[in-house]
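These notes are about the structure you will find just below.
The values are calculated or read from the model by the stated rules, or taken from the named source; none is laboratory data. This structure is a prediction, so every number in the text was calculated from the model and none was measured. For neighbour counting, all protein chains shown are included, and Cβ atoms are generated from backbone atoms with ideal geometry for every residue, glycine included.
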Amino acid sequence: MLNMLKGRIIRLRRRRGVGASFVLAALLVSIVGNAMTFYLFERGARPELSVGDSFWYSMISITTIGYGDLSANTIGSRIGTIFFITMVGLTAFTAWAGIIIGWLIDLQHRERTGMGSLYVKEHILIINYPNEGRVRHIIDEFMSDPAHREDEIAIITDQVESLTFSHPNVYFVRGSPLELETYERARAAEAQRAIVLSTGYDDPHSDSIVASAVSVLHRSNPRIMATAECIDPKHAVLFEQMDNVSLVFPLQMANNLLVQESQDPGVSLLAQVITSNKMDGTLLSTRLEAVPEKRVAYPDIAKRMLDRDINLVGIVRNGTVHLRFTELFPVQDDVLVYIASSRLEWEALQESLAP
C-alpha cells in the first residue's frame, strides 16, 4: 500500500513537471511571438521603435498592467496581440502564476511537516523527540549561552508529524534517525554537533536505537561530535567502538543527586545552578591545545584561575576524571572543567599555564 502511494505521488510530480514545462513554453512563445509581430508591423509607422520596446510591450501586456506608453495601432500588430496575448499569453501567464503559488504552498507544507531539505550549515542536530517539554527545554538551555544564541537547530525524528511549536532558528526534518536519507535532508555533513536523545526513559530499546542513530550519523559525518543519552550504564558497551561520542547517563545522575541531596541539603540547588546556561556561574570546559615548556603543576594553575573568579573543579584525561591536583601536571588534550560566568578563551588559559 505504501509503495502504491509513493508511486502515485511520483507520477503526479512527473505530470506536474510536464505541465509546468508546457505552460512555460507557451508563455515564452506568446511573449516572443507578440514582440516580433509588434516590431514588424509597428516599425514602419514608428521608426524609433526598438526590439527592446517590443518586448517591453509584450511583458506589460501579458501581465495586464498596460502602462499605455505603447499600443498596437496597425491591423497586423493588433491581430498578433489578440492571438499571442489574449488567447495564448494570458492563459499561460495565469497557469504559470498558479504553478508558482502551488509550488510555494507545497514548499511551505513540506517544511512544516519536515519533508523538505534544509539549506543550513554549522547547525546543531537534535535527534529523537521523547516529548515537547524536553526538546523545548534543551533548545532554550542551549540558546541561553551567548555563544550559541544565534545557532540554528534541526530536529530529526519520525515520532511526530509536525512540530507543535515554532522558533525562527529551529527546523524540522521528519524521517527515521536510522536512515542516511534523513541525515542528507538535514545536511548532517555540514552540522557542527549533535544531541541524541533517548526515545523515552521507559523504553527498553532506547539505548540500542540511540547507538544505531549515532552510528548512522557518523556514516554521514564522521567528524561530528555527538552527545548521546544512555539510560542504562551497562549499555555503554554499545558505544565503545564509536569515536567522537560523549555519553550522558541521566537516570544515574538523577539517582545520585537524590541521594546526595538527602544526605547534604543544598547540593541539588548548586547542581542546578552550575549545569544551567541561564544562571551566572556554570560548568564549562576547555581542552589544552598545548602545554608550557616549563612544567607547572595543576595546583598552581588552579590558584591563578581562582584569582580570576574561575574555579577549577576537575581534569578529564583519557576518560578519567581527576579531582585531586597534587603532583598532577598538564598534558596535551587534557580537558579542564571549571565553574565560571563565561567560557575561558585559549589565550586567557595560556596566561594561567605560564610559569
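Could you please let me know if Gln252 is touching a Pro at 6+ places or on another chain (Cβ under 9 Å) and loosely packed, with under 14 Cβ neighbours inside 10 Å?
Working: touching a Pro at 6+ places or on another chain (Cβ under 9 Å): yes; loosely packed, with under 14 Cβ neighbours inside 10 Å: yes.
So Gln252 passes the test.
For the range 143-162, how many residues are modelled with pLDDT of 90 or more, farther than 16 Å from Glu132 by Cα and not acidic (Asp, Glu)? Steps first, please.
Quick first cut of the range 143-162, residues modelled with pLDDT of 90 or more only: 151-158.
Going one step further and asking which of them are farther than 16 Å from Glu132 by Cα, we end up with 151-152.
Applying the additional criterion that residues be not acidic (Asp, Glu) yields none.
Total meeting the criteria: 0.
All conditions but one from (1) surrounded by fewer than 17 Cβ atoms within 10 Å (Cβ to Cβ); (2) within 26 Å of Arg149 (Cβ to Cβ) apply to Val173; the one that does not is (1).
Yes or no, residue by residue, for (1) within 36 Å of the chain's Cα centre (by Cα); (2) at pLDDT 80 or above; (3) among the charged types (D, E, K, R); (4) assigned to a helix (DSSP H, G or I):
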site: Ala45; (1), (2), (3), (4): no, yes, no, no
site: Ile60; (1), (2), (3), (4): no, yes, no, yes
site: Ile79; (1), (2), (3), (4): no, yes, no, yes
site: Ile100; (1), (2), (3), (4): yes, no, no, yes
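For the range 7-24, indicate whether the set of residues that are surrounded by fewer than 11 Cβ atoms within 10 Å (Cβ to Cβ) and at pLDDT 70 or above is non-empty. Scanning the range 7-24 turns up at least one residue that is surrounded by fewer than 11 Cβ atoms within 10 Å (Cβ to Cβ) and at pLDDT 70 or above.
Can you spot a residue in the range 249-270 that is farther than 19 Å from Asp158 by Cβ, outside any helix (DSSP H, G or I) and touching a residue at least 24 places away in the same chain (Cβ under 8 Å)? Reasoning before the result, please.
Initial filter on the range 249-270 (farther than 19 Å from Asp158 by Cβ): 249-270.
Adding the requirement that they be outside any helix (DSSP H, G or I) leaves 249, 264-266.
Subsequent filtering for residues that are touching a residue at least 24 places away in the same chain (Cβ under 8 Å) retains none.
For the range 249-270, residues farther than 19 Å from Asp158 by Cβ, outside any helix (DSSP H, G or I) and touching a residue at least 24 places away in the same chain (Cβ under 8 Å): absent.
Would you check if there is a residue in the range 277-287 being within 26 Å of Glu141 (Cβ to Cβ), under 29 Å from the mean Cα position of the chain (by Cα) and β-branched (Val, Ile, Thr)? Taking every residue of the range 277-287 in turn, at least one turns out to be within 26 Å of Glu141 (Cβ to Cβ), under 29 Å from the mean Cα position of the chain (by Cα) and β-branched (Val, Ile, Thr).
Which residues, counting only those in the range 283-336, are of a type in the set (Asp, Glu) and out of contact with any strand residue (DSSP E or B) (no Cβ under 9 Å at 6 or more places or on another chain)? Across the range 283-336, the qualifying residues are Glu289, Glu293, Asp300, Asp307, Glu327. Against the test of being over 22 Å from Phe142 (Cα atoms) and in a loop (DSSP other than H, G, I, E, B), the options Val291, Val316 yield a single qualifying residue, Val291. Among residues of the range 44-64 that are over 13 Å from Ile85 (Cα atoms), those with a beta-carbon under 7 Å from a residue that is of a type in the set (Ser, Thr, Tyr) and outside any helix (DSSP H, G or I) at least six positions away or on a different chain give the pairs Ala45/Thr74. Of all the listed residues (Ala297, Ala354, Ala290), the sole one being within 33 Å of the chain's Cα centre (by Cα), at pLDDT below 90 and not acidic (Asp, Glu) is Ala290. I want to confirm something. Restricting to the range 187-211 and keeping residues that are closer than 19 Å to Phe142 by Cα and either among the aliphatic types (A, V, I, L, M) or free of Cβ contacts under 8 Å to residues at least 60 places away in the same chain (or both), which single residue is surrounded by the fewest Cβ atoms within 10 Å (Cβ to Cβ)? Here the residue is Ile195.
For the range 332-348, which residues satisfy the criterion of being touching an Asp or Glu at 6+ places or on another chain (Cβ under 9 Å), surrounded by 11 or more Cβ atoms within 10 Å (Cβ to Cβ) and over 18 Å from Asn277 (Cβ atoms)? Matches in the range 332-348: Asp333, Trp346.
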